[in-house]
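Every number in this text was worked out from the coordinates using simple rules, so none of it is lab data. Every value quoted in this text rests on a predicted model; they were computed, and no experiment measured them. Positions of Cβ are generated from backbone atoms using ideal geometry, with glycine treated the same way; all protein chains shown enter the neighbour counts.
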Amino acid sequence: MTAETIMSMTYQAMKIALAMAGPLLLVTLAVGLVISVFQAATQINEMTLSFIPKIIAMVVVLVLSGPWLIGLMVDYMRQLFSSIPFLIG
């Protein structure tokens, strides 16, 4: 196994991790921004007001994008496991 192979595998793993975390983080960021603007406009400083909508938004995104996320991970793992014989020899 060469350094180039290890770097390639690391790059693919990072790309998959970003693709899986990206939608969740972007939705959480957008919901947090909307709630922050609402809190600033109304001067309501309640912690649960920002926490509960973020959790609900993340659950909705996980339900909607769950099959795609699982498919992405299964394809990556299948590729990784099928390349094991070539990495050993």
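Across all directions, the shadow cast by the convex hull of the chain built on its C-alpha atoms averages 7.4 square nanometres.
Here the sum of -39500 (n - 2.57) over DSSP H runs of 4 or more residues, divided by the residues of the chain, equals -32500 deg cm²/dmol at 222 nm, to the nearest 500. Panel order for 34, 74, by other beta carbons found within 10 Å of each beta carbon, from fewest to most: 74, 34.
Specify the residue with the greatest mean-square fluctuation among 69, 24, 33, computed from a Gaussian network of the chain linking alpha-carbon atoms under 10 Å apart. Most flexible of the set in this elastic network: 33. Report the Cα centroid-to-centroid distance between segment 1-35 and segment 51-76 in angstrom, as an integer. About 14 Å separates the Cα centre of segment 1-35 from the one of segment 51-76. Label positions at residue 37 and residue 2, each projected 7 Å from the Cα along the C-beta direction, are separated by 5.1 nm.
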